[in-house]
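**Q** Have a look at this one before I ask anything.
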Number of protein chains: 2
Amino acid sequence: MEKRKDLAAQPDGRNRVVIERVDPRIDCGRFPIKRVVGESVTVEADIFTDGDNSISGVLLHRHLQDEEWSATPIEPIGNDRWRSTFPVIKMGQYEYSVQAWIDHFKTWRRDLRKRLDAGQVSPVDLQVGAQLITTASARAHGADKRALANWASSIKSATNPLEGAHLALAQELADAMDRNSDRSFATTAHENLRVVVEREKARFGSWYEFFPRSCTSDVTRHGTFEDCKSILPYVAGMGFDIVYLPPLHPVGSTHRKGKNNTLVPSETDPGSPWAIGAFEGGHKALHPALGTFKQLDAFVAEAVRLGMEVAIDIAFQCSPDHPYTKDHPEWFSHRPDGTIQYAENPPKKYEDIYPFNFETEDWKALWQELRDVFLFWIERGIRIFRVDNPHTKPFIFWEWLINEIREEHPGVIFLSEAFTRPKVMYRLAKAGFSQSYTYFPWRNTSWDLRQYHSVMTRGEIAEYFRPNSWPNTPDILTEYLQTGGRPAFMARLVLAATLTANYGIYGPAFELMENAPREPGSEEYLDSEKYEVRPRLVDKEKPGSLREFIALVNRVRRENLALQSDRNLVFHDTDNPELICYSKRTHDLSNVVLVVVNLDPHHVQSGWLEINPRDLGIPGHTEYQAHDLISGGRYLFHGPKNFIVLDPSKVPAHIFRIRRRVRTEQDFEYYL
Amino acid sequence: MEKRKDLAAQPDGRNRVVIERVDPRIDCGRFPIKRVVGESVTVEADIFTDGDNSISGVLLHRHLQDEEWSATPIEPIGNDRWRSTFPVIKMGQYEYSVQAWIDHFKTWRRDLRKRLDAGQVSPVDLQVGAQLITTASARAHGADKRALANWASSIKSATNPLEGAHLALAQELADAMDRNSDRSFATTAHENLRVVVEREKARFGSWYEFFPRSCTSDVTRHGTFEDCKSILPYVAGMGFDIVYLPPLHPVGSTHRKGKNNTLVPSETDPGSPWAIGAFEGGHKALHPALGTFKQLDAFVAEAVRLGMEVAIDIAFQCSPDHPYTKDHPEWFSHRPDGTIQYAENPPKKYEDIYPFNFETEDWKALWQELRDVFLFWIERGIRIFRVDNPHTKPFIFWEWLINEIREEHPGVIFLSEAFTRPKVMYRLAKAGFSQSYTYFPWRNTSWDLRQYHSVMTRGEIAEYFRPNSWPNTPDILTEYLQTGGRPAFMARLVLAATLTANYGIYGPAFELMENAPREPGSEEYLDSEKYEVRPRLVDKEKPGSLREFIALVNRVRRENLALQSDRNLVFHDTDNPELICYSKRTHDLSNVVLVVVNLDPHHVQSGWLEINPRDLGIPGHTEYQAHDLISGGRYLFHGPKNFIVLDPSKVPAHIFRIRRRVRTEQDFEYYL
């Protein structure tokens, strides 16, 4: 037998409790889940042991900066599943685990109660308990130590078993034994589970994108940071809290694109801001026409004064004129003819763009430089980054970079601009991106919207993926918006702003309902600002704008906590597929919002909503009020079916605050 | 920047391929999956990378005794999911993993085709490819080395790009490049995934349990191994291949139980075989009344001669007279009065049984001794063990023990007798038990049976849990059997024998349809063999036995490969809840079996089966034959709805072999 494995290598065989399936958990603990400050993490695990012993356990948790673990009792919820919750109050990372052990006193106490019920308490049964209490007293300190010793001797010296049993079942004794439970054979789940805690804006924000170059009244003049300051009150007035600017860097001239993405630019064409880098500098430089760093600082300060933050675009690619191409040719792929390989998607060529070669032998220096680009802008006060096409750079690079940045700057928010296959988008979110653009622009039917948003806001995906919905971007003018007119823009705005807690628009194109494509079948804007200066300071004052409607929707978002989360989204059936219906509510039901949108921009649509009132926190048999926060109208709803008509020529949506009837002490009823 | 983490600690950042969700995988790789010799493992994984690079990959696999890994190409099946399969041909453990890398030649070749289609092949494009081929030639050996060098120079010296492109797209070149693909930046999933491969009997077996003590014609005489030999032809005649015997050890006399589990035995009462141990010995001894080891050997040899194996019961518990109680009192719990703690479930006491205390300080010696009990019987030729109440011993103990045994005896089969909560039963299977008893005895409605067996035979659970269905055991005489008469026994037999590949009965009680409970409401047998000798050699010849029906069902099981697996179970709807319908088929559709059972033992039931013919491998529009292997009747079925009548007073079940119509070369049609 000696050739067999030595049991010395075996972990202690007396750790008899099993802990399985600790959730939430992403890819077996490979990635952290996400929260924002002030939220909590509810942890569940399967916990059981052999035989019929009672178990006690705790949820362990600590901020990585803390030495000590905190422990919260974990309680059974049926079928060997246990649950507990801990709050996250600081940015950074927490780790959590579950520990459980066989609780011999709890077992004994449970059995004693059964013996008592059966009239079968014997003196030796009490001796067993007294022994457990004496051992606990030896482990305990202070008051518990003395109290437990006293309990043990009182139970031993009870005049009869019945009296002893009643003593032994005292709640104070159970509490003291709980505090001094024997954990020598405790099992701990070693899964290295973590939660990244960001600031609240990672969960809830309203983005507004505009081109600084277009902050001008005169098409011949390039907008400046000074000009941009003047548009900020307009943006703040619409209720946005993040102003997002496309790349601010010098634009290359080699292979520069002309108006409408043509290959032969005129001399005055400014080129695409995403063709980054010229002799004036690269990713750490400002386009000279925009102004100086000091002027940028002033612009940022003005945004902050108006309650907004500035987000900038980080696009890791270079124009042929970028200084990197001379200083670090080793960071690019070279063709056998000695030229640097431009971007292409054969047979399409993008000769104004050089991608980095992440397989360069010098990858470490490249990674460090790209990290330093972020740090450079962080030092200038930027805390939110929209990252262009992250899925064309290695996932492992982003994971490293975001961790590096967050170690000192846990408040930095990263938005992933990856319109690609689902698993790729999810991986970027797991790697650390705070938020992600989604396929929302192309989800236009109720089935599509419901299916897509259900996947994103439930289960494991919801633990790490935060959707950010954009009805339009400078690259995306959907067919729905091209053809649906004002009702389409209103419907898409309401959907973006209420389906997900984060959303954004590209303006003023959105509020002005610009809908002309570059050519039929294209999703590109005609005369896109990507390739030319547009005099937006004039545009924004155009009549008929949606700005007031947008301001209203953003106010509703701010005033209704239920709209500031994603994981509380619940869809409801309607009998008309042109009507989509969903609700969101706070945990405590103090805020419940019900949204109905007519997806048909051309016709009045009506139908029956099918809502279990309980999903809105309403007892089944009572009336409740649906208070439309857009029109101000108040409707009485009752039971599971209620009728709705939505006329797209007016407003194609209701955003109801659900108000339940309450009765005052004076027996007066009103809706809360 | 120097204070930041050194990138030296970072794995190579050029390993850009991501591998996620490798399946099958139990609890993140904590436990192996299960197979038997001759089966295969189909592995899937999410594999993708940044950008639009092409990927190549392999499924890696090897038996733990092999030095070298085998590699099978892995192919995409859509949505970034990839798949491959490897066969398992030896008992023991295999490990498997997935490796994938960016394939630059594959990418280049794909793009070249696009360039060619667009008429845009330039000489430099071909140079890029020639460079890749030259580098591959440097890596290659032998014929490939020379061939690749030749390819490179032919492509470089092509008279025009078109000719060069056509050369470069040759399949032989692609194959040679595949064989010499650059894996320097390959990603390997390091998840330590394993599969335990057992012998075929772990997947498919028919068990017959009987009490050796009852192999007698005379109630006053204790049966012997010699007597037991005489019952073997009877068991083999019914088609069973595993003969399972309750504990064979000396039975304790202290607190011995009398007939019908009474507390005061008569002098001749033999006691329960599960009260193991007396002065004659314990778990490594034979009850003297049964005979000697030599006689046992002869019994085992006779079983083998008849095509059967002998399984014995291992019950880790002791009677108060077990030698362990004197030699190793430290392996038991002691009460404050110095006595050993007997088993109890307050207020019930089981004073004839002492459980081991697995929290003893001497747990290592205890574990080793219990392992040696198995080794003792293995040395006597026993290879199948039914383990009594494993859920009352630590899971970690079983995991260690089963691994220890299997290291030298990979053919040993362990059946877990744990009728308890689902997660506990699953954990024992994960810990290594080959098979498990299930709640089948108490699943009597079609909804219950369907739901329960669907859970067990699909997804992750099916990767490690092998159900073994028993309509009765010496502890379980269900109400259904007590009240349903002959049709109930026939229906439960067919269900057990066809729902799961492993099943067993406790006989001759089963075939004799014994159905008298100890008292109303009890599931214990009246005059149970657990506590007394029953003259079964007389009993078994009783008229009206189900033995011929059982023999027929077991023959159907042997002759129909589809019935020898669990994971191929598919349920079909019927419009009558008293009729349950399901099918099983082989991968190649060469064997398809359809079962219909009338669950109502009292009334004729009829109804429509709703079966998509495709689920049976039949094209939707053709007739097919349902050949009843019980009655011999042949029915023509057509389309998705077919009518069935089952009269429980005759046979309450059909076991159809599905035969599809084929046409001979002579244009003659028949059913295959």
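The values are calculated or read from the model by the stated rules, or taken from the named source; none is laboratory data. Everything numeric here is computed off the predicted structure, so don't read it as measured data. Note that we place each Cβ from the backbone using ideal geometry, even for glycine, and neighbour counts take in every protein chain shown.
**Q** Test each condition in (1) touching a Leu at 6+ places or on another chain (Cβ under 7 Å); (2) surrounded by fewer than 21 Cβ atoms within 10 Å (Cβ to Cβ); (3) assigned to a loop (DSSP other than H, G, I, E, B); (4) not aliphatic (A, V, I, L, M) for A:H287 and report the one that comes out false.
**A** Exception for A:H287: condition (2).
**Q** B:G51 fails exactly one of the following numbered conditions: (1) more than 25 Å from B:I402 (Cα to Cα); (2) touching a residue at least 24 places away in the same chain (Cβ under 8 Å). What is the number of that condition?
**A** In the conditions (1) more than 25 Å from B:I402 (Cα to Cα); (2) touching a residue at least 24 places away in the same chain (Cβ under 8 Å), B:G51 misses (2) alone.
**Q** Assigned to a loop (DSSP other than H, G, I, E, B), modelled with pLDDT of 95 or more and surrounded by 13 or more Cβ atoms within 10 Å (Cβ to Cβ): which single residue out of B:D46, B:D50 fits that description?
**A** B:D50
**Q** Answer yes or no: is there a residue in segment B:213-224 that is touching a residue at least 12 places away in the same chain (Cβ under 8 Å), of a type in the set (D, E, K, R) and over 30 Å from B:T292 (Cβ atoms).
**A** The answer is no; no qualifying residue exists.
**Q** Mind listing just one residue for me: the one in segment B:54-90 that is crowded, with 18+ Cβ neighbours inside 10 Å and among the aliphatic types (A, V, I, L, M) and, of those, farthest from B:E408 (Cα to Cα)?
**A** B:I55
**Q** Residue check, B:E359 against (1) more than 9 Å from chain A (Cβ to nearest Cβ); (2) without any contact (Cβ under 8 Å) to a residue 60 or more places away in the chain; (3) in contact with a strand residue (DSSP E or B) (Cβ under 9 Å, 6 or more places away or on another chain); (4) among the charged types (D, E, K, R), all met but one. Which one?
**A** Single failed check for B:E359: (1).
**Q** Identify the single condition in (1) at pLDDT 95 or above; (2) at positive phi that A:G338 does not satisfy, given that it satisfies every other one.
**A** (1)
**Q** Now for a different question. Would you check if B:R335 is farther than 25 Å from B:A418 by Cα, within 36 Å of the chain's Cα centre (by Cα) and of a type in the set (K, R)?
**A** No, not satisfied.
**Q** Between A:G632, A:G607, which is exposed (fewer than 13 other Cβ atoms within 10 Å of the Cβ) and either at pLDDT 95 or above or within 21 Å of A:A491 (Cα to Cα) (or both)?
**A** Sole residue among the options that is exposed (fewer than 13 other Cβ atoms within 10 Å of the Cβ) and either at pLDDT 95 or above or within 21 Å of A:A491 (Cα to Cα) (or both): A:G632.
**Q** When segment B:130-145 is examined, which residues are found to be crowded, with 18+ Cβ neighbours inside 10 Å and at the interface with chain A (Cβ under 10 Å from one of its Cβ atoms)?
**A** The one that is crowded, with 18+ Cβ neighbours inside 10 Å and at the interface with chain A (Cβ under 10 Å from one of its Cβ atoms): B:A130.
**Q** Same structure, new question: May I ask you to list pairs of residues, at least six apart or on different chains, whose Cβ atoms are under 9 Å apart, with the first in segment B:59-84 being within 14 Å of chain A (Cβ to nearest Cβ) and the second being loosely packed, with under 13 Cβ neighbours inside 10 Å?
**A** What qualifies is B:W82/B:E75.
**Q** Here is a check on your reading of the model: is A:I382 among the β-branched types (V, I, T), more than 26 Å from A:D566 (Cβ to Cβ) and touching a residue at least 60 places away in the same chain (Cβ under 8 Å)?
**A** The answer is no for A:I382.
**Q** Yes or no: segment B:313-323 includes at least one residue that is away from chain A (no Cβ under 14 Å) and farther than 20 Å from B:G271 by Cβ.
**A** No: segment B:313-323 contains no residue that is away from chain A (no Cβ under 14 Å) and farther than 20 Å from B:G271 by Cβ.
**Q** Out of all the residues in segment A:113-127, which are in a helix (DSSP H, G or I) and either more than 9 Å from chain B (Cβ to nearest Cβ) or not polar (S, T, N, Q) (or both)?
**A** A:R113, A:K114, A:R115, A:L116, A:D117, A:P123, A:V124, A:D125, A:L126
**Q** Write out, first by first residue and then by second, each pair whose Cβ atoms fall under 7 Å of each other, whose residues are 6+ apart or on separate chains, and whose first residue, in segment B:481-499, is closer than 16 Å to B:Q605 by Cα while the second is assigned to a helix (DSSP H, G or I) and hydroxyl-bearing (S, T, Y).
**A** B:A488/B:Y480
**Q** Would you check if A:E163 is modelled with pLDDT under 95, of a type in the set (D, E, K, R), within 30 Å of B:D27 (Cα to Cα) and outside any strand (DSSP E or B)?
**A** No, not satisfied.
**Q** Shifting gears a bit: Would you point out the residue of segment A:316-343, among those that are part of a loop (DSSP other than H, G, I, E, B) and among the aromatic types (F, W, Y), that is farthest from A:L370 (Cα to Cα)?
**A** Only one residue tops the list, namely A:Y342.
**Q** Let me ask you something else. When both residues are 6+ apart or on different chains and their Cβ atoms are under 7 Å apart, which pairs have a first residue that lies in segment A:328-341 and is within 9 Å of another protein chain (Cβ to nearest Cβ), and a second that is surrounded by 14 or more Cβ atoms within 10 Å (Cβ to Cβ) and of a type in the set (A, V, I, L, M)?
**A** A:R335/B:V124; A:R335/B:V128; A:P336/B:V124; A:P336/B:V128; A:D337/B:V124
**Q** Quick check: is even one residue across segment A:267-277 free of Cβ contacts under 8 Å to residues at least 24 places away in the same chain, part of a loop (DSSP other than H, G, I, E, B) and surrounded by fewer than 20 Cβ atoms within 10 Å (Cβ to Cβ)?
**A** Within segment A:267-277 (the criterion being free of Cβ contacts under 8 Å to residues at least 24 places away in the same chain, part of a loop (DSSP other than H, G, I, E, B) and surrounded by fewer than 20 Cβ atoms within 10 Å (Cβ to Cβ)), the answer is yes, since at least one residue qualifies.
**Q** Step by step: first the residues of segment A:456-475, then only those that are among the aliphatic types (A, V, I, L, M) and touching a Phe, Trp or Tyr at 6+ places or on another chain (Cβ under 7 Å), then the one that is surrounded by the most Cβ atoms within 10 Å (Cβ to Cβ). Which residue is that?
**A** Checking each candidate, the answer is A:M456.
**Q** Then there's this: Go through A:V412, A:V373 for me and flag whichever is among the β-branched types (V, I, T) and buried (at least 19 other Cβ atoms within 10 Å of the Cβ).
**A** A:V412
**Q** Exactly one of these conditions fails for A:A298: (1) within 14 Å of another protein chain (Cβ to nearest Cβ); (2) not in a strand (DSSP E or B). Give me its number.
**A** Failing condition for A:A298: (1).
**Q** Any residue that is assigned to a helix (DSSP H, G or I) and among the charged types (D, E, K, R) - is there at least one of those in segment A:180-197?
**A** No, segment A:180-197 has no match at all.
**Q** Return only the number of the condition from (1) within 30 Å of A:F395 (Cα to Cα); (2) touching a helix residue (DSSP H, G or I) at 6+ places or on another chain (Cβ under 7 Å); (3) in a strand (DSSP E or B); (4) not charged (D, E, K, R) that A:C28 does not satisfy.
**A** So the condition that A:C28 fails would be (3).
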